[in-house]
1. Please work out which one of (1) open to solvent by less than 20 Å² (accessible area, probe 1.4 Å); (2) at pLDDT 70 or above; (3) within 24 Å of Val328 (Cα to Cα) is the condition Thr269 fails and give its number.
2. Out of (1) under 30 Å from Asp157 (Cα atoms); (2) in a loop (DSSP other than H, G, I, E, B); (3) modelled with pLDDT of 70 or more; (4) not hydrophobic (A, V, I, L, M, F, W, C), the odd one out for Glu239 is which?
3. Just to be sure before I move on: is Leu98 closer than 23 Å to Asp58 by Cα, in contact (Cβ under 8 Å) with a residue 12 or more places away in the chain and surrounded by fewer than 18 Cβ atoms within 10 Å (Cβ to Cβ) in the structure I sent?
4. Condition check: aromatic (Phe, Trp, Tyr), surrounded by 14 or more Cβ atoms within 10 Å (Cβ to Cβ) and modelled with pLDDT under 65. Does Phe305 satisfy that?
5. Is one or more of the residues making up the range 286-298 surrounded by 19 or more Cβ atoms within 10 Å (Cβ to Cβ) and at pLDDT 75 or above?
6. I need the helices (runs of 4 or more DSSP H) fully contained in the range 44-163, keeping only those with at least 2 residues that are among the basic types (Lys, Arg) and closer than 30 Å to Leu281 by Cβ.
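The values are calculated or read from the model by the stated rules, or taken from the named source; none is laboratory data. Since this is a predicted model, take the numbers as computed values, not measurements. Reconstructed Cβ throughout: ideal geometry from the backbone, glycine too, with neighbour counts over all protein chains shown. What goes into the accessible areas is simple: the full protein's heavy atoms, side chains included, and nothing from ligands, DNA or RNA. Shrake-Rupley method; radii C 1.70, N 1.55, O 1.52, S 1.80 Å.
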Amino acid sequence: MRLLRGLCVLMVVVAAAPTYDQVVDSIIAHSKRAAALHNNGDPAGAQEEVQRALDASDRAKRMDPDHPQAYLSTATFLLNVHRFEESLANWRLARQRLPPGQQYIDMVDERIRHTRLGLVSTRRDAVYQSGKGNISEAVGLVMQQLAIYRSPRFLFDLATMQVMLAETNTTNAEQAAVHFAEAQDASRDGIAGFMRAFGNQGKGALCPRSTELHPVENLPDLLESTPAGAGAEQYHVWEAQPGFVLTARNVSLYGQSAVVAHRSTAECTLHVYGSSTWPYLGLHGEFWLEEIWKHSKQFELFDNFLQKFPPPDPSKPVKKLAKAALLVQFASTNYYHFVMEVLPRLMLLQPVLEVSPLL
């Protein structure tokens, strides 16, 4: 009778042992609890859950060394806690254990790319130190970012750093001009790609299918009126010109810098116009660009890493105004730019306001 009782207890214990899937699920459960504790201001508790997740990972790998799921869950968990090198190791081990099928390989390759970019990006941030660190070393890390993903934001950051280095080497200024232009071109492709995808999802108009960038001298095509004697050459972006008030109709303003654009339904094209800050304006930050980490049949773009999207949100109605005066531009919140650019524009607008205070 005693032997039977012992056997029953043993059988209960064996039956209660967790399965491989249950152990893998516990990796995810512990990682979620770690995130919750961290967000609630309990770093010690979060670290305990991180260790439990790692222990569960080791246990699952011992239970079935050839199964990829433990490696996939561990890689995802480590990526979320920014342990990029360990995450990369697990992605690669998981890739070696994947079942047949290109879709599985593509999925893991995408996450490897994502993780590599996170690793390089954190290194760059640490070196750059918001412009106070080693700029030359940061340039090399931006180049590594671009080798992983040719983002307009990275091109713009590279050009900005090269401008900073141009104080001691004029060659950097020439390279900066090239990369600023490349950032604009990449932004143009991204704007059109996002709008196409958004329209195809039924969330917005299918137009425009493309985006064109124009210098300021092309703006007279949209003018309702022009200053007396003004010619097209007066709007050339690269030449210092006398002050004037430019009046345009049927245009849209995008982003915090109020980029001027005109939507041509007939051509299915969005025409974006330059300003006095062109091409130093970060055009990628003024339009809604979808965050994507992989090749797509429609477009390829990674931007807005922090998911702080500028207006207008294409999923919301556009705010329409009969008249508006545009005084601000890139860096207008900086005191120097406010005094040197915004206040003179306000003085130019004074005669108009005297005639029509409400525009």
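1. (3)
2. (3)
3. Against the criterion (closer than 23 Å to Asp58 by Cα, in contact (Cβ under 8 Å) with a residue 12 or more places away in the chain and surrounded by fewer than 18 Cβ atoms within 10 Å (Cβ to Cβ)), Leu98 qualifies.
4. no
5. Checked against the condition, which is being surrounded by 19 or more Cβ atoms within 10 Å (Cβ to Cβ) and at pLDDT 75 or above, the range 286-298 yields at least one hit.
6. Correct list: 102-128.
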